[in-house]
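Contents: one structure, followed by commentary.
Every number in this text was worked out from the coordinates using simple rules, so none of it is lab data. The shown structure was predicted, so the numbers you read here are calculated from the model rather than taken from an experiment. Every residue, glycine as well, gets a Cβ built from its backbone with ideal geometry; the counts of neighbours run over all protein chains shown.
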Amino acid sequence: MLRGDRKFGNAILLGPTGVGKTETASALSKWLFEGRMIKKDMGEYKHPSDGRRLFGDQYKMGSLTKEVTEMGSCVVLFDEIEKAHPEVFDTFLTLFDEGKMGDAATNLRVSFKNTIILMTTNLAPDREEDTPLEALGNDKRRDLFAYHFRTELLGRINRILVYNELTEGATEGILRKRVGCILARKEEEGVRIEVAENIYRHLARQVRSCRYGVRGADEVIINSVGAAIAGIPKGTDTVSLTLEGNGRIAWHAS
């Protein structure tokens, strides 16, 4: 992601909903910047002039330039960039070129050189060839977005990273981690819970059929594992969770 004299760079994260694009940004912010992250929902920038809200106008400092000035080093996440008006990104050209951006209200030149700029998109380019997106080089990936973003902008994108649909195994791994957090909390309360292996496979199938991918994982867990655990009486030391024939998760005293 390095480019020129900028300490950090930018990337587009391309993939369907619920495959970990936003989670990647969050993890990077925790790893590099102690959790400092600025997130902009680009669905709120549908008008050609909305770029001024990010970088200021004669009356008011831009929300983005203000936050970067205050926060310094951080991840800047532009979420679902396909929902913004294409002209909004005209204001990004200087930013991606120089790693700096002027604020119209204060005339400050705000440095973004200690930031990582990430942009997520669900945009699925129309293609006739069968070559998987992840097998294409970076330049070829840029070409696929030429119908939606200006060539000048695409030329300033360091990387386009492709996220595929999560496999059942990957989904199951995520669920194990999240359920494990619940089990750890219950163990701190004095209740040890054993989970049958087929429960994780069952939950993974439910999540994969969900419209929102792993974004729906927490709801699936709450409505199944959470509901079962809620029925455990106080004073119970050890229980087992099993998958019943009707798909319901039940607890049994061990």
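Structure above, values below:
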{"quantity": "Rel. contact order, % - alpha carbon contacts under 8 angstrom, at least six apart, the range 168-253", "calculated": "32"}
{"quantity": "When each of Lys39/Lys60; Lys21/Lys60; Lys39/Lys177 is checked by Cα-Cα distance, pairs over 30 Å", "calculated": "Lys21/Lys60"}
{"quantity": "Angle between the chain longest axis and helix 21-33 axis [Cα atoms, degrees, rounded to 10]", "calculated": "80"}
{"quantity": "Choice from Ala227, Ala204, Ala104 showing the highest fluctuation, given a GNM over the chain with Cα pairs closer than 10 Å", "calculated": "Ala227"}
{"quantity": "Separation of alpha-carbon centers, the range 198-238 and the range 98-116, rounded to whole Å", "calculated": "45"}
{"quantity": "Degrees between helix 168-188 axis and first principal axis of the chain (Cα, 0 to 90, nearest 10)", "calculated": "60"}
{"quantity": "Assigned charges on the beta-carbon of Lys, Arg, Asp, Glu; the chain dipole about Cα centre (debye)", "calculated": "500"}
{"quantity": "GluC sites (Glu not before Pro) restricted to the range 9-117 and DSSP loop, no more than 15 other C-beta within 10 Å", "calculated": "Glu34"}
{"quantity": "Where labels lie 7 Å past Cα in the beta-carbon direction, separation of Asp237 and Asp57 in nm", "calculated": "6.9"}
{"quantity": "For the chain, radius of gyration divided by Kirkwood radius, i.e. Rg to Rh on alpha-carbons", "calculated": "1.08"}
{"quantity": "Among Ser26, Ser63, Ser240, residue whose mean-square fluctuation peaks in a GNM of the chain (springs only between Cα atoms under 10 Å)", "calculated": "Ser240"}
{"quantity": "For the chain, built as a Gaussian network whose Cα springs stay under 10 Å, the top-fluctuating residue of Leu13, Leu243, Leu28", "calculated": "Leu243"}
